[in-house]
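J.: Questions regarding the structure given below will be posed in turn.
The values are calculated or read from the model by the stated rules, or taken from the named source; none is laboratory data. For clarity, every value in this text was computed on a predicted model and none was experimentally measured. Positions of Cβ are backbone-derived with ideal geometry, glycine not excepted, and every protein chain shown enters the neighbour counts. With ligands, DNA and RNA removed, areas are computed over all heavy atoms of the protein, side chains included. Shrake-Rupley method; radii C 1.70, N 1.55, O 1.52, S 1.80 Å.
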Amino acid sequence: MSCSIFRKEIAGLGPAVMGGVRPVFLDSMLHMRPALLDEALLGLARAEDRRLLLVYGDCCPHMGELARRPHIRKVRGVNCCDILLGHDAYHRLRREGVFFFLPEWTARWEQVFRGELGLKDQPLAREFMHEMHTRLMYLDTGLAEAPHRTLADIEAFFDMPVEIRPTGLERLKAEIAAGLQRAHGHV
């Protein structure tokens, strides 16, 4: 079970990593409403009679409780950026003040910031980002060309540079493989 933020990336991993696992994706916008994500995950966990791997960070109140159930495991990482970058790189960049954009949310950035966060007013949005962050970073998983026009719009809207950082899928692949091993009782 995964956040749709990883839909293309998980498809890109292919059967060699995923084996016979059938991924189920929940809309990444549930992240903006943690109680609804919590409810959706708890409902699916109750309905499942097989082992589950959660490809999520700690995105809702009961994630830890879910991951402690005997038939459920979770990939390591506090959020999707941590999962893609690895713990050390993620925390170093956060300390540097980086705000991350992943491919799916980059395409939906206006919905996220203007709609979900209510930052319709550009000066307010700029103030919000500048108070907490030093720069913006697009995590390029390598599955599609970086959306340069969209990133330029983001840069202009927030008046902050956007750096493109290639991440590939190796960390995600490793976390899913390790999680699947734990889910199947091999570790």
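J.: How large is ³J(HN,Hα), in whole Hz, for each residue of segment 56-67 in order, when computed from phi with the Karplus curve 6.51 cos²θ - 1.76 cosθ + 1.60 and θ = phi - 60°, using x for Gly and Pro?
T.: Whole-Hz 3J(HN,Hα) from phi for segment 56-67: 8, x, 8, 8, 8, x, 9, 4, x, 4, 4, 5.
J.: Given H placed on each backbone N at 1.01 Å, which residues far from Gly142 in sequence or on other chains put an amide H within less than 5 Å of it?
T.: Those qualifying (amide H under 5 Å, at least 5 residues apart or on another chain) are Thr167, Gly168.
J.: If you project the alpha carbons of segment 1-83 onto the principal axes, what extent comes out on each, in Å, largest first?
T.: 33, 27, 19
J.: Using a probe radius of 1.4 Å on heavy atoms only, what accessible surface per residue do you get for segment 54-151? Whole Å² is fine.
T.: 51
J.: Let me ask you something else. What list of ³J(HN,Hα) values in whole Hz, one per residue of segment 123-139 in order, does the Karplus curve 6.51 cos²θ - 1.76 cosθ + 1.60 (θ = phi - 60°) give from phi, with Gly and Pro shown as x?
T.: 3J(HN,Hα) across segment 123-139, in whole Hz: x, 5, 4, 5, 4, 4, 6, 5, 5, 10, 9, 9, 7, 10, 9, 8, 8.
J.: Could you check the spin-label model distance between Ala35 and His130? Points 7 Å from the Cα along Cα→Cβ, value in nm.
T.: 3.5
J.: Moving to a separate point now. Each residue of segment 19-26 in order: what ³J(HN,Hα) in whole Hz does its phi give by Karplus 6.51 cos²θ - 1.76 cosθ + 1.60, θ = phi - 60°, with x for Gly and Pro?
T.: Rounded to whole hertz, the list is x, x, 6, 9, x, 10, 10, 10.
J.: Treating cross-link reach as a plain straight distance, find the lysines whose alpha-carbon is under 25 Å from the alpha-carbon of Lys173, omitting any fewer than eight places away in the same chain.
T.: Output for Lys173: Lys8, Lys74.
J.: Given a Förster distance of 22 Å, report the FRET efficiency between Ala152 and His87 from their Cβ-Cβ distance, rounded to the nearest 0.05.
T.: FRET efficiency, Ala152 to His87: 0.10.
J.: Now a separate question. In whole Å, how far is the Cα centre of segment 131-145 from that of segment 150-187?
T.: When both Cα centres are located, 10 Å separates them.
J.: Continuing with this model, one more query. Starting from the amide H of Phe25, placed 1.01 Å from N in the peptide plane, find each other amide H under 5 Å away whose residue is 5 or more places distant or on another chain.
T.: Under 5 Å from the amide H of Phe25: Ser2.
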